[in-house]
Every structure is written in C-alpha cells, then in structure tokens.
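The values are calculated or read from the model by the stated rules, or taken from the named source; none is laboratory data. This is a predicted model, so every value here is computed, not measured. Note: ideal-geometry Cβ built from the backbone for every residue, glycine included; neighbour counts use all protein chains shown.
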Amino acid sequence: MPYQPTKIKITLLAVLLGCGLYTRAQNKCSCKEAEQLRGPMGFHFNSGRLDSAAFYARKLTGFSNPVCRIFFHDWMAQIALAEKKFEDARKLLHTEKELLQENNCNQELYVRHYNTLSKLYLELNQTDSFVMTCLDGIDASKKVNDYYGLSRANADVASAFSGMGQTEKAIAYYREAIKAAQLQNKVPSLVASVSSRLGNEYLVLFRSTGNKHYADSAVLLGKEAAAIAEKNKDLLAYLEANETLATHAFLSGDHSSSLQYADIIINTSPRGVHLFDRLTNAGFSKKTQALYKLGDYAGAERMADSALLYAEHFNPQMMVAAYENLYLAAKATRHTDRSLKAYEKMVTLRDSLFSIEKNASISELEKKYNQAKNENTIKDLAKKKQLYLLLAVAGILAAVAIGFFLRQQSLKHKKKVLETEQRLNRARMNPHFFFNALTALQKFAIYVPDGQALASNLARFSNIMRETLESTYKEYVTVEQEMEFLDQYLEVQKVRFPKAFTYSINAAAEVETDEVLIPSMIIQPFIENSIEHGFAGISYPGNIVIDFSKDNKELLIEIKDNGKGLSTDDQENSEHISRASQIIKDRIYLLNIKLKSKAGFSIANNPMSEGVIVKIHLPLIYKNVKDA
C-alpha cells in the first residue's frame with residue numbers, strides 16, 4: 001500500500017501553550033502573575049490535562065491587574081480550541097482583541113493573539129484567513145524580536161504550503177522556523193516540534209524522488225526531536241517525533257520498526273483530548289499501512305477502523321486518507337461491500353473539500369470551451385457556405401478554387417499560430433517577472449528603512465519594467481543592452497535574497513557587444529530558475545556566471561550556476577525547467593524560420609562541478625545588417 005503523506009490542517013506545534021504564555025509585555029501591558037502561572041499551565045495543556053490547564057488559567061481572574069484578563073482570554077481560547085468549542089474560542093479571541101486595543105498594548109501581546117487566532121481559522125478550514133493571520137504574526141514578531149512567535153508563525157505558514165503540495169516552500173519556512181526556535185528561550189522543546197515537521201517534508205521528497213539523502217536527513221531530525229522532547233518531558237513533541245520515525249521506517253521497508261513506533265504513539269496518546277486526536281489517528285494509520293505490507297489484512301482493516309474514528313474527531317481532511325486505507329484493507333480481506341462504500345465516501349469527501357476551487361476551475365474551462373466551440377461553429381459554417389457556392393458555379397473550377405482557398409487558409413493559419421505563440425510566450429513571462437521583482441522591493445522597503453537605497457532599487461526596477469515592456473515590440477536587443485538588463489535584474493534579486501548568491505556577466509573581446517543582436521528576454525528565465533530552484537535548500541552561497549563568446553561563426557551564450565542541479569526525477573525537472581525551456585524553444589523556432597538558421601540550446605548538469613549549465617547557440621546578427 002503506498003504511503004500517503006498527510007495533507008491535513010495541522011495543529012502546528014501545539015506547544016501552543018507556550019503560546020499564550022510566551023510574551024512578556026512592556027510597561028502597563030504586563031502581567032507578572034501570568035508569567036508565574038505559565039509553567040504549570042503549559043505543562044498540563046501539553047499533557048492533555050485540559051481541566052487542570054483551565055484551573056490555572058482561571059486563577060488570572062482573581063488578580064486586580066486588568067491586563068491579566070488579556071492573558072486569561074487567550075489561554076481559555078486555546079483550551080476551547082483543544083476541546084473543539086470553536087464558537088467559544090471565537091468569542092474569547094474577540095474579547096481579547098478589544099482588551100488589547102482598550103489598553104493600547106504593544107506588538108508583543110498581539111503576537112500571541114495572532115498565533116491563537118490562526119489556529120481557530122485552521123480548525124474552521126478558512127485557509128486564506130489562516131495564512132494572512134500567520135503573516136501578521138511574522139510581521140509583529142519581527143518588530144519586537146520575539147523569536148518564539150516568529151518560529152510559530154513561520155511553521156504555520158509552512159504547514160499551509162505543505163497542505164498545498166508545495167514541499168520546497170514548506171521546507172524553506174520550516175528552516176526559518178528552526179532558526180527562530182534556536183534563538184528563543186521560552187519553550188526548549190520548540191526545536192523538536194519544528195524538526196519533526198521538517199523531517200516529514202523531507203520524507204515527502206524521499207518518496208517522490210527516491211533520493212536517500214532526504215530519508216537520512218529525516219531520520220536524523222526525528223531522532224534529535226525525540227531526544228529533545230523526552231528530555232523536556234514534552235509529550236506532544238515526543239509523539240510527533242515518533243510519527244516521523246514511523247513514516248521513515250515504513251518508506252524504508254522496515255515495517256516491524258514502523259509498527260513499534262506506531263504502538264508508542266497509540267499507547268501514549270491521551271484519549272478524549274482533541275489536541276492528541278491527530279496523533280492517535282497517525283498511529284493507527286501507520287499501523288494500518290505496516291500490517292498491510294506484512295500481509296496481515298484483517299489486522300490492517302481493524303486498525304483502519306480506529307484511524308477513521310480519530311480522523312472524524314479531528315478534521316475532515318484526515319478522513320480522506322483514512323477511508324483510502326480502509327478501502328484497500330477491506331478489498332484485501334474481500335469485504336467487497338465495505339471496500340466499495342469506503343471508496344465512495346473517500347471520493348465524495350475529497351471532492352467536497354475542494355469543491356470551491358474545482359467549481360471555479362470547471363466554470364472557467366466551460367467558458368473557454370463554449371467560446372472556442374462557437375468560434376469553430378461559425379468558421380465551419382462559413383467554409384461550408386463558400387464551398388457550396390463554389391461547387392454551384394462550376395465543378396472543376398470549383399475544385400481548383402477550393403484547393404487554392406484551403407492553401408491560403410493554411411498559410412494564414414500558420415502565420416497566426418506563430419504570432420499567437422510569440423504573444424503568449426511574452427505575456428506568460430512578463431507578469432511572473434514583474435511579480436518577483438516587485439516582491440523583492442516590497443520586502444526591502446519594509447525591512448530596510450534606507451531611502452537612498454530604496455530609490456536606487458526603484459530606479460533599477462523601473463528600468464527593468466521599461467525594458468521588459470519594450471521587448472514586446474522589438475525582436476532584438478544588443479548584447480550590451482542585455483548585459484545591462486541582466487545586471488539590473490540580478491541586483492534587484494539580491495535585494496530579495498541577501499547574501500544568497502553572487503554573479504558575473506562577461507563578454508569575450510571578439511564579441512562586439514554594441515553591434516551583435518540577440519532575441520530579447522531569452523536569458524532571464526534561466527537565471528530566475530537558478531535563483532528560485534537551483535539555490536533552494538543549498539547550504540553554501542550560490543554563484544551565477546553568464547558568458548558571451550563566439551564559436552564557429554555563432555554566438556555562444558553559457559549560463560552556469562552552482563546550485564543543486566537537475567533531479568533524476570523527470571516530473572521535478574519538468575516543474576522547474578519547462579517554463580524557461582518552452583520560452584526559448586518558441587523563440588528559437590521563430591528565429592530559425594525567419595533567418596533559416598540552426599540555432600539551438602541545451603540544459604544539463606555541469607559535468608565539471610555542481611549545478612546546471614545552459615548553452616545557447618545563436619546566429620551572429622549585426623545591428624546594421626540584420627535587415628539586409
């Protein structure tokens with residue numbers, strides 16, 4: 001039975017206790033009594049003893065300090081979330097916000113508020129509100145150097161990307177969460193919780209690529225997390241680490257070890273506590289999968305029933321995987337009716353969870369289909385009418401006329417296709433390019449209050465925008481213009497990724513940079529791939545080298561990076577390279593048609609070192625003779 005990575009709304013780092021308890025507000029927004037009660041409150045919450053946690057939270061109502069009421073409402077909101085009393089949690093958080101505004105509290109207390117509020121949105125399946133609240137939490141945490149809150153918010157955003165299947169982005173945010181967790185000193189086991197989740201993302205990559213490096217990283221993170229959690233007596237973090245280790249054992253084919261880790265989760269998780277229902281479900285799910293692989297189909301079916309029960313308690317999205325496991329186990333035990341019912345429920349639930357996106361997508365496709373259908377109908381009617389008129393005039397002459405007409409239509413069609421491809425390629429690239437450049441400047445403006453530097457980068461951006469827009473109307477630019485454009489583009493990207501990479505742009509002495517022409521915007525997509533994908537996840541500074549030279553009466557452009565290189569997985573390569581390669585394929589095709597040349601390109605791992613090397617061969621086109 002294939003392992004299915006959990007795509008659920010995770011109760012991220014439910015050390016959330018530390019959450020309501022993690023900030024020390026300044027001046028009049030402080031409550032020393034809350035700081036004293038934070039330890040026992042968090043201990044009981046993370047152990048699943050919610051009544052005891054509520055007992056300590058209610059002690060805050062006995063103090064005269066009005067700010068203690070802010071802490072009380074946040075702590076009780078967390079407990080209400082753990083008990084799935086979402087309407088109670090909403091009311092408590094609404095009151096907390098009113099108290100924050102009434103007492104004119106600083107950003108430190110808002111960090112905690114955003115963290116708890118995001119958990120409510122997560123439980124209510126309101127993904128957009130969840131992500132926006134997490135981003136507010138990141139912003140507030142950075143303003144007050146609250147590394148605990150920063151770690152929590154980054155981990156929450158990572159979970160959203162994980163749920164959407166964007167594993168690399170999830171890993172990037174989890175790494176930021178670990179950095180912040182190592183800098184905070186409020187909850188020692190926070191590093192363990194984030195490490196377990198990062199390990200799970202590596203296991204997703206291991207499953208999709210087969211690269212054992214990802215599996216090794218995952219098991220190291222899992223064991224480290226288990227040791228930290230056990231040392232700090234954090235039951236939740238300890239069970240999360242065992243979940244990671246169980247998944248690793250299953251994917252590695254060690255099904256006996258996977259059973260052992262699953263039993264630890266099942267036997268240790270407190271029952272009747274919403275916070276732990278996800279992990280109890282995970283334990284039964286892992287045991288279902290391991291027993292299925294070991295051929296114990298009856299046992300797998302019993303475990304699948306238990307997994308489904310806890311999935312129903314926790315979150316509808318978890319029920320999709322639970323029904324799938326039950327379907328496979330029941331099918332293997334030849335319980336045909338039960339297997340069919342499980343499959344039908346799995347499909348129905350999966351479709352309902354994504355109905356909004358699916359309906360929007362279908363509506364758009366339907367609109368485009370009907371439009372194309374109507375246009376084709378009109379064209380077909382016109383052609384038939386012309387054909388009938390010509391046939392009515394004369395037989396042989398009509399046949400000749402029809403042949404001539406069809407030939408002309410074919411030529412017009414080919415021309416139209418080429419023009420459309422050119423427009424589509426440019427339209428497809430430019431918005432994507434603008435978005436990345438503008439995002440870099442937005443981040444710079446927020447976090448680097450340097451007016452002169454901002455003005456300089458805005459000037460670069462305006463030049464990039466102008467050149468990009470003008471490229472829609474001019475086919476060629478000189479090598480010199482392209483080098484200037486790339487320099488400005490890379491400088492803006494360096495604002496977005498400080499110290500992440502260096503670059504050099506070189507032209508051989510024999511290349512007349514102010515005279516030789518190349519198709520516009522032909523290099524930038526590959527550079528963007530190097531920055532966005534090639535350097536993602538590497539532990540050393542990236543480097544990009546762009547060289548222009550002559551080679552056998554052709555212009556040779558070489559683009560080298562020292563990134564992680566192309567994966568052996570065709571699907572992953574397709575996701576990262578297809579857009580850039582498609583753009584250059586279309587443009588080289590048009591160039592070869594017009595000039596009857598033999599331009600081409602290649603993309604491969606650099607045989608001499610790390611990274612990728614792109615080679616583009618173009619005919620030598622000179623500015624003063626290109627129209628000759």
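General remarks:
- Selection status of K142, assigned by TED's automatic domain parsing to the domain that holds A89 and over 15 Å from the mean Cα position of the chain (by Cα): yes
Listed here are the residues, each with its yes/no results for (1) part of a helix (DSSP H, G or I); (2) surrounded by 24 or more Cβ atoms within 10 Å (Cβ to Cβ); (3) touching a His at 6+ places or on another chain (Cβ under 6 Å); (4) touching a residue at least 12 places away in the same chain (Cβ under 8 Å).
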position: N281; (1), (2), (3), (4): yes, yes, no, yes
position: T288; (1), (2), (3), (4): yes, yes, no, yes
position: A300; (1), (2), (3), (4): yes, yes, no, yes
position: D305; (1), (2), (3), (4): yes, no, no, yes
position: L308; (1), (2), (3), (4): yes, no, no, yes
position: A311; (1), (2), (3), (4): yes, yes, no, yes
position: K331; (1), (2), (3), (4): yes, no, no, no
position: K341; (1), (2), (3), (4): yes, no, no, no
position: T348; (1), (2), (3), (4): yes, no, no, no
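- Tally, over the range 166-201, of residues that are of a type outside the set (A, V, I, L, M), out of contact with any His (no Cβ under 9 Å at 6 or more places or on another chain) and farther than 22 Å from I531 by Cβ: 11
- Here K179 does not qualify as in contact with a helix residue (DSSP H, G or I) (Cβ under 6 Å, 6 or more places away or on another chain) and among the basic types (K, R).
Yes/no matrix, rows are residues, columns are (1) within 30 Å of C105 (Cβ to Cβ); (2) touching a residue at least 40 places away in the same chain (Cβ under 8 Å); (3) assigned by TED's automatic domain parsing to the domain that holds R38:
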residue: A160; (1), (2), (3): yes, no, yes
residue: M164; (1), (2), (3): no, no, yes
residue: A181; (1), (2), (3): yes, no, yes
residue: A192; (1), (2), (3): no, yes, no
residue: H213; (1), (2), (3): no, no, no
residue: A227; (1), (2), (3): no, no, no
residue: E230; (1), (2), (3): no, no, no
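- Note on the range 121-155: among residues that are aromatic (F, W, Y) and within 19 Å of A82 (Cα to Cα), the one that is surrounded by the fewest Cβ atoms within 10 Å (Cβ to Cβ) is Y121.
- The one condition in (1) at pLDDT below 90; (2) assigned to a helix (DSSP H, G or I) that P188 fails to fulfil: (2)
- Criterion applied to F501, F497 was being within 26 Å of Y214 (Cα to Cα), surrounded by 18 or more Cβ atoms within 10 Å (Cβ to Cβ) and not polar (S, T, N, Q), and the one residue passing it is F501.
- When residues of the range 555-595 are limited to those that are charged (D, E, K, R) and modelled with pLDDT under 70, the one surrounded by the fewest Cβ atoms within 10 Å (Cβ to Cβ): D570
- Pairs where the first residue, in the range 68-88, is in contact (Cβ under 8 Å) with a residue 12 or more places away in the chain and the second is surrounded by fewer than 22 Cβ atoms within 10 Å (Cβ to Cβ) and among the hydroxyl-bearing types (S, T, Y), C-beta under 7 Å, 6+ apart: F72/T61; H73/T95
- Candidates N463, N552, N543, N529: the one that is modelled with pLDDT of 90 or more and not acidic (D, E) is N543.
- A300 at pLDDT 90 or above, of a type outside the set (D, E) and not assigned by TED's automatic domain parsing to the domain that holds F86: yes
- Any chance A177 is within 24 Å of E240 (Cα to Cα) and crowded, with 21+ Cβ neighbours inside 10 Å: yes
- Top-ranked residue of the range 483-519 - restricted to ones that are in a loop (DSSP other than H, G, I, E, B) and under 30 Å from K169 (Cβ atoms), ranked as nearest to the chain's Cα centre (by Cα): F497
- Whichever residue in the range 520-556 is in contact with a helix residue (DSSP H, G or I) (Cβ under 9 Å, 6 or more places away or on another chain) and assigned to a strand (DSSP E or B) and, among such residues, is nearest to A599 (Cα to Cα): L555
The rows are residues; the columns are (1) of a type outside the set (F, W, Y); (2) over 30 Å from the mean Cα position of the chain (by Cα); (3) within 21 Å of G163 (Cα to Cα).
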| position | (1), (2), (3) |
| --- | --- |
| K59 | yes, yes, no |
| F63 | no, yes, no |
| H94 | yes, yes, no |
| H113 | yes, no, no |
| S118 | yes, no, yes |
| D136 | yes, no, yes |
